1. Which one of the conditions (1) at pLDDT below 70; (2) in a strand (DSSP E or B); (3) not β-branched (Val, Ile, Thr) does ALA9 fail to meet, given that it meets all the rest?
2. (1) over 29 Å from the mean Cα position of the chain (by Cα); (2) at pLDDT 95 or above: which one isn't true of PHE69, the others all being true?
3. Based on this model, can you work out whether ASN38 counts as of a type outside the set (Val, Ile, Thr), modelled with pLDDT under 90 and surrounded by 10 or more Cβ atoms within 10 Å (Cβ to Cβ)?
4. Do we have GLY76 as at pLDDT 85 or above and in a strand (DSSP E or B) here?
Amino acid sequence: MLPGVTVQATYVGNLIIREVPGININAVPPGVAGEPLNKSLGISAGITSEIPLGTGHYNALQIQTKRRFSNGGSVGANYTWSRSGLL
């Protein structure tokens, strides 16, 4: 390794099991006037349904390199490799 050079590697990970987002089941599709349940049931408010969607993941490797010079200057480089998706 060169003098004045530092290298740092970091792992970042996240796993979401049975994610439950709130979904408005009375939402208006683009280009349509009025809520769907307003026409049939007279309900004009938003209705949030919590439906488990599945499992998601995020994994990343972050690498940082710095070089400091004797005159006080420095140079650095960063790189991130990541993947995400639903299982």
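The values are calculated or read from the model by the stated rules, or taken from the named source; none is laboratory data. Here the structure is a predicted model, which means the values were calculated and not measured. All Cβ positions, even for glycine, are placed from backbone atoms using ideal geometry, and neighbour counts span all protein chains on display.
1. Single failed check for ALA9: (1).
2. The number of the failed condition is (2).
3. On the way: of a type outside the set (Val, Ile, Thr): yes; modelled with pLDDT under 90: yes; surrounded by 10 or more Cβ atoms within 10 Å (Cβ to Cβ): yes.
Yes: the conditions hold for ASN38.
4. Yes.
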